[in-house]
Amino acid sequence: MNANTSKPLLLLAFLALATPGGAADSLEFQPGEVWLDTSGKAINAHGGGMLFHAGTYYWYGENKEGRTWLPESTKAWEGSRVDVTGVRCYSSQDLLRWKDEGLVLRAVPDDPAHDLHPSKVCERPKVVFNARTKKFVMWMHIDSEDYKAARAGVAVADSPTGPFRYVESVRPEGQYSRDQTLFQDDDGKAYRIYSSENNKTTYISLLTDDYLKHSGKFARVFEGRHMEAQVVFKHAGKYWFIASGCTGWAPNTARSAVADSIWGPWTELGNPCRGPEAEITFRGQSTFVFPVAGRKDTFIFMADRWNKTNLADSRHLWLPLQFKDGRPVVEWREKWNLSFFAH
Ligand code: GAL
């Protein structure tokens with residue numbers, strides 16, 4: 001995506017900003033292209049998620065920087081890696097122009113035992129705001145280089161742009177936890193949804209009121225379906241779900257599902273993607289879906305197009321998500337903006 005490079009585009013955007021509701025309509029999302037931040041650097045926020053807070057969007061993701069290499073311990077499944085540097089955050093009001101807020105959670109290079117040591121794994125960070133404690137709470141997948149630790153890490157901050165203070169990692173419900181996301185319901189309850197039982201089954205755990213621990217209430221869903229990259233969102237009173245299969249950095253077919261309660265029963269609805277390469281999620285893997293504030297029925301699907309030989313150059317794929325015939329549908333678009341939803 002090239003949101004901020006050309007002068008005519010900027011002028012158009014400025015004019016649009018003067019028109020209420022028209023702010024972002026003149027710039028475009030270009031899924032799979034390099035997307036520059038407002039300082040002209042490629043946006044680096046992978047496996048990420050979105051928080052909308054006090055009129056601003058905050059995009060958090062893995063900072064994939066430096067050499068991509070293949071450790072002996074993950075060779076069998078081509079699990080290449082970059083060493084952990086931390087979690088980066090960007091802020092925006094219009095979803096197209098993103099300001100780099102820096103590393104809001106940093107690696108801890110001087111303690112080899114620390115969960116955030118560069119030799120570990122820190123993936124799929126997601127942040128929610130706790131209105132009761134006024135804290136920003138980040139959960140993430142923490143692992144050892146060989147992905148055998150399979151833990152959930154938590155960090156906390158007073159401001160959306162950090163710094164986040166790392167608290168601890170846990171094996172929730174006494175089980176493995178790898179790919180993960182957060183979902184905050186309208187009633188303020190927050191849930192962590194993650195690949196458990198060695199990626200065979202997805203778990204949904206209710207977090208405690210301060211969001212810092214697992215409450216002990218959980219459900220096993222999609223048993224034996226081997227899912228990763230889980231995403232949960234709410235629309236029209238129902239809970240919607242999108243995930244991938246388990247093929248490492250290689251893309252596969254996405255799945256979707258719906259339920260009346262977060263606890264299920266969940267009904268699978270098949271692949272939500274439509275268009276060229278829809279059977280491999282447009283060469284991407286889901287990471288988050290969020291509603292655009294102030295716009296009815298406007299949802300954005302966020303995915304990562306991983307580049308396993310140069311992970312830092314993995315691309316961001318954002319596409320409009322619509323509901324058609326009771327299903328979530330993600331159609332391929334070379335270029336698009338929020339005016340898409342006007343039709
Ligand atoms: C993917 C997973 C990513 C990362 C990768 C490692 O399946 O969704 O977050 O863990 O495997 O190869």
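The values are calculated or read from the model by the stated rules, or taken from the named source; none is laboratory data. Predicted model only: the values in this text are computed from it and were never measured. Please note: Cβ atoms are built from the backbone with ideal geometry, for glycine as well, and neighbour counts cover all protein chains shown.
Values for this structure:
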read-out: Residue in the stretch 171-187 that is in contact with a helix residue (DSSP H, G or I) (Cβ under 7 Å, 6 or more places away or on another chain), closer than 20 Å to residue 107 by Cβ, assigned to a strand (DSSP E or B) and at pLDDT 95 or above present; value: no
read-out: Single condition residue 221 does not satisfy, out of (1) surrounded by 15 or more Cβ atoms within 10 Å (Cβ to Cβ); (2) over 29 Å from residue 250 (Cα atoms); (3) aliphatic (A, V, I, L, M); value: (2)
read-out: Tally, over the stretch 286-310, of residues that are assigned to a loop (DSSP other than H, G, I, E, B) and among the aliphatic types (A, V, I, L, M); value: 2
read-out: Residue 206 being of a type in the set (A, V, I, L, M, F, W, C) and outside any strand (DSSP E or B); value: no
read-out: Filtered residue count, the stretch 272-308, keeping only those that are surrounded by fewer than 17 Cβ atoms within 10 Å (Cβ to Cβ) and in contact with a helix residue (DSSP H, G or I) (Cβ under 9 Å, 6 or more places away or on another chain); value: 7
read-out: Every pair of residues 6+ apart whose Cβ atoms lie under 7 Å, when the first sits in the stretch 319-337 and is touching a residue at least 12 places away in the same chain (Cβ under 8 Å) while the second is of a type in the set (S, T, N, Q) and in a strand (DSSP E or B); value: 327/256; 328/256; 329/322
read-out: Scan of the stretch 272-284 for residues that are more than 16 Å from the ligand (Cβ to nearest atom) and closer than 19 Å to residue 181 by Cα, ordered by number; value: 272
read-out: Hits in the stretch 124-149 (condition: away from the ligand (no atom under 11 Å from the Cβ) and of a type in the set (Phe, Trp, Tyr)); value: 129, 136, 139
read-out: Subset of the stretch 43-52 that is within 16 Å of the ligand (Cβ to nearest atom) and outside any strand (DSSP E or B) - its residue that is nearest to residue 161 (Cα to Cα); value: 45
read-out: Residue match in the stretch 276-294 (condition: at pLDDT below 95 and over 30 Å from residue 217 (Cβ atoms)); value: yes
read-out: Count of the stretch 233-271 residues which are part of a strand (DSSP E or B) and either more than 16 Å from the ligand (Cβ to nearest atom) or within 23 Å of residue 147 (Cβ to Cβ) (or both); value: 18
read-out: Count of residues meeting criterion [out of contact with any Pro (no Cβ under 6 Å at 6 or more places or on another chain) and within 25 Å of residue 228 (Cα to Cα)] in the stretch 115-143; value: 19
read-out: In the stretch 69-97, residue nearest to the ligand (Cβ to nearest atom) [restricted to those that are part of a strand (DSSP E or B) and in contact (Cβ under 8 Å) with a residue 60 or more places away in the chain]; value: 81
read-out: Condition check for residue 149: among the hydrophobic types (A, V, I, L, M, F, W, C), surrounded by 15 or more Cβ atoms within 10 Å (Cβ to Cβ) and assigned to a loop (DSSP other than H, G, I, E, B); value: yes
read-out: Test: residue 320 is of a type outside the set (Gly, Ala, Ser) and either assigned to a helix (DSSP H, G or I) or out of contact with any Lys or Arg (no Cβ under 9 Å at 6 or more places or on another chain) (or both); value: no
read-out: Some residue of the stretch 105-123 being on the phi > 0 side of the Ramachandran plot and surrounded by 14 or more Cβ atoms within 10 Å (Cβ to Cβ); value: no
read-out: Residue among 102, 40, 61, 55 that is at pLDDT 95 or above and within 16 Å of the ligand (Cβ to nearest atom); value: 61
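Residue-wise test of (1) under 26 Å from residue 60 (Cα atoms); (2) among the hydrophobic types (A, V, I, L, M, F, W, C).
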site	(1), (2)
180	yes, no
186	yes, no
194	yes, no
207	yes, yes
220	no, no
226	yes, no
239	yes, no
265	no, no
270	no, no
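Okay, residues lined up against (1) touching a helix residue (DSSP H, G or I) at 6+ places or on another chain (Cβ under 8 Å); (2) touching a residue at least 12 places away in the same chain (Cβ under 8 Å):
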site: 215; (1), (2): no, no
site: 220; (1), (2): no, yes
site: 228; (1), (2): no, yes
site: 231; (1), (2): no, yes
site: 242; (1), (2): no, yes
site: 248; (1), (2): yes, yes
site: 258; (1), (2): no, yes
site: 265; (1), (2): no, no
site: 269; (1), (2): no, yes
